[in-house]
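> Got a structure for you, questions after.
The values are calculated or read from the model by the stated rules, or taken from the named source; none is laboratory data. No experiment lies behind these values; they were computed from the predicted model shown. All Cβ positions, glycine included, derive from the backbone under ideal geometry; neighbour counts span all protein chains shown.
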């Protein structure tokens, strides 16, 4: 009787490198330990690192509590390659974990929101330009609006301590203001143009700053976010209307409308 052919693949998967290799790639002892000849030549430290990287690469599906804890520990691993891969895998499973952790550590002392001919759309879809600077100070609880198109024109109001704290906490936890530089494309436009008679040239980008955010935190650090785009994205736009509402719910006549 002919011997039935086995459909089971011949070979082993090395637990160190994670590769499936033919039988001849394993020594006699390697068959039992599931370590290929190449990996058996590594030092104990190299084997441990390679095995950890293999385990990180093979993580898939929903993690149980033990796997999650192990992954969190690898993020803080002293081995650079392990830690880098662990952070990549962790961010894939928990994309907002790092952002949420930063929120808990941030407390704004001063928030400055400056708009220099930035484009705003009102509730009717009409455009107008804004030249204003808002300053919110948690230490003094004073909110100031300065008209940049009319020097010396400034309004200030004193908020209750809870109001100011709520405003600045909202900027961090809801608007995620500290992430705007990463979340939005604020860089200058660098579109190329072509001329029929001339070779394509790259024009100088418009480096005018249309709006900026200056943040000073309670931990003595600071952050500056600048935009070379004249329009406001959704969250900056929301911040503008929220701050403006403290002074006047409607745009005033000093704002220049245009077609």
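> For segment 61-96, which residues satisfy the criterion of being in contact with a helix residue (DSSP H, G or I) (Cβ under 7 Å, 6 or more places away or on another chain) and farther than 24 Å from residue 46 by Cα?
The answer is 63, 91.
> Looking at residue 126 and the list (1) modelled with pLDDT of 90 or more; (2) in contact with a strand residue (DSSP E or B) (Cβ under 7 Å, 6 or more places away or on another chain); (3) loosely packed, with under 15 Cβ neighbours inside 10 Å, which single condition is not satisfied?
All conditions are met except number (1).
> Also, I was wondering about something else. For residue 175, state whether it is closer than 17 Å to residue 246 by Cβ and either touching a strand residue (DSSP E or B) at 6+ places or on another chain (Cβ under 6 Å) or crowded, with 19+ Cβ neighbours inside 10 Å (or both). First the steps, then the outcome.
On the way: closer than 17 Å to residue 246 by Cβ: yes; either touching a strand residue (DSSP E or B) at 6+ places or on another chain (Cβ under 6 Å) or crowded, with 19+ Cβ neighbours inside 10 Å (or both): no.
Criteria not met by residue 175.
> Taking segment 89-115 as the region of interest, how many residues are part of a loop (DSSP other than H, G, I, E, B) and either at pLDDT 90 or above or over 16 Å from the mean Cα position of the chain (by Cα) (or both)?
2
> Same structure again: So which residues in segment 141-164 are out of contact with any helix residue (DSSP H, G or I) (no Cβ under 8 Å at 6 or more places or on another chain) and assigned to a strand (DSSP E or B)?
142, 144, 146, 147, 154, 155, 156, 157, 158
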